[in-house]
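What follows is a short report on a single structure.
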Amino acid sequence: MSIDISGLSAAELKELAAKIEKRAVEVEKEALRAALTKMRAIADKLGVAFEDVIALHGGKGKKTATKTAPKYANPDDPSQTWTGRGRKPAWVKEALEAGKSIDDLAI
C-alpha cells in the first residue's frame, strides 16, 4: 500500500496525522475487544468463569509497586532519605567520598 503525500500542505499533513492517530487508537481497542472475546471463549470451553480467572490474578495485568521504607538518611538534612535501592543519591555519594561508611547513614 503506497500513498503519495508529497503534494499535501502542512495543514493537510496535520489533519492526516490526527486521523491516523485516531484510527490507531480505534484499531488497538478493536484488538483488545477481540482478545477479550477469544479469552472468554477459551474460559467457557474450559468450563471456568473468565471473571474467576481474572480474580485469580488480582484483576489486573500490571503489578502495583510496593513502597519500601527508607534505610538511610542524610545526616545534614534528615528529610533526604534513601531506601538503598536504585541509584545512590548525590548526598550518599558525597558522604561516602568524604570518608563516611554506608552504616553511618543508616536510620
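Order of LYS45, LYS71 from fewest to most other C-beta atoms within 10 Å?
Ascending Cβ contact count within 10 Å gives the list LYS45, LYS71.
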Between 0 and 90°, nearest 10: helix 10-46 axis offset from the chain longest Cα axis: 90
Links that overshoot a 25 Å alpha carbon limit, given the list LYS67/LYS88; LYS38/LYS67; LYS22/LYS45: LYS38/LYS67; LYS22/LYS45
Dipole magnitude of the chain about its Cα centre (Cβ charges: Lys, Arg +1; Asp, Glu -1), debye to nearest 20: 400
ASP77 paired with LYS45, simple spin-label distance in nm, labels 7 Å along Cα-to-beta-carbon: 5.9
Which of ALA17, ILE107, ALA55, positive extreme of dipole for the chain (C-beta unit charges): ALA55
Alpha-carbon centroids, region 66-101 and region 2-40: separation in whole Å: 47
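How big is the charge dipole of region 10-56 about its Cα centre, in debye rounded to the nearest 20, if each Lys and Arg gets +1 on its Cβ and each Asp and Glu gets -1 on its Cβ? Please report the intermediate quantities before stating the final value.
Numbers: 9 positive and 9 negative charges, 21 e Å.
Once rounded to the nearest 20, the dipole reads 100 debye.
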Spread of Cα-to-Cα distances over 5 Å intervals beginning at zero, given as percent, for the chain: 2, 9, 10, 10, 6, 6, 6, 7, 10, 11, 12, 8, 3, 0
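The numbers here are math on the coordinates, done by the rules we state, and not lab data. Please read these numbers as outputs of a predicted model, since none were measured by experiment. Note that each Cβ is placed from the backbone with ideal geometry, even for glycine, and that neighbours are counted across all protein chains shown.
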